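Student: Sharing a structure, written as structure tokens. Questions coming.
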Amino acid sequence: MKKYWVALSAVCLLAVACGSNSNSEKPETTPPAAESHESAANDISKDPNYQKGLKLVAQNDCLTCHKVSGQSTGPSYEEVANKYTNDETTINMLAQKIIDGGSGHWGTVPMTAHPTLKPEDAKQMVKYVLLLGKK
């Protein structure tokens, strides 16, 4: 019986020690938060379009070529958001570009087509990206 309690205590201590690691990193599939956008007055992470779009971006191959900010193969999300207006026409146009792919708007490297992506998901991803522009 004593061995049982010692083993149970060790398991409990191990669970507490592993569960209290507040410095653990987020999974790599989650794009980094746009820190400049997370002030208390303008917390876009509470926006449903931000949350849904972020989830879709993380589930697809977007982060292979794009970052929230900074250099990568494709333009950063902030660059895209600052170039385009946040309206229905733009959302539809950019969503179709995600689905069709293409090149020439941001340089010579083509964007891979995503023909299996649902149009409503592509639009949601665009809404997320457009939220990342400078205010």
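The values are calculated or read from the model by the stated rules, or taken from the named source; none is laboratory data. Values in this document were obtained by computation on a predicted structure and should not be read as measured data. Ideal geometry is used to build each Cβ from the backbone, glycine not excepted, and the neighbour counts take in all protein chains shown.
Student: Examine segment 24-44 for a residue that is modelled with pLDDT of 95 or more, in a helix (DSSP H, G or I) and touching a helix residue (DSSP H, G or I) at 6+ places or on another chain (Cβ under 6 Å), and state whether such a residue exists. Before the answer, list the steps.
Tutor: Filtering segment 24-44 for residues modelled with pLDDT of 95 or more gives none.
Within segment 24-44, none of the residues are modelled with pLDDT of 95 or more, in a helix (DSSP H, G or I) and touching a helix residue (DSSP H, G or I) at 6+ places or on another chain (Cβ under 6 Å).
Student: Of these, Ser103, Ser69, which one is among the small types (Gly, Ala, Ser) and touching a Ser or Thr at 6+ places or on another chain (Cβ under 8 Å)?
Tutor: Numbers: Ser103 fails: touching a Ser or Thr at 6+ places or on another chain (Cβ under 8 Å).
Result of the check over Ser103, Ser69: Ser69.
Student: Can you name the residue in segment 73-121 that is closer than 17 Å to Leu54 by Cβ and among the hydroxyl-bearing types (Ser, Thr, Tyr) and, of all such residues, is surrounded by the most Cβ atoms within 10 Å (Cβ to Cβ)?
Tutor: Ranking the candidates gives Tyr77 first.
Student: Given the residues His105, His114, which is the only one that is part of a loop (DSSP other than H, G, I, E, B) and without any contact (Cβ under 8 Å) to a residue 24 or more places away in the chain?
Tutor: After ruling out the rest, the residue left standing is His105.
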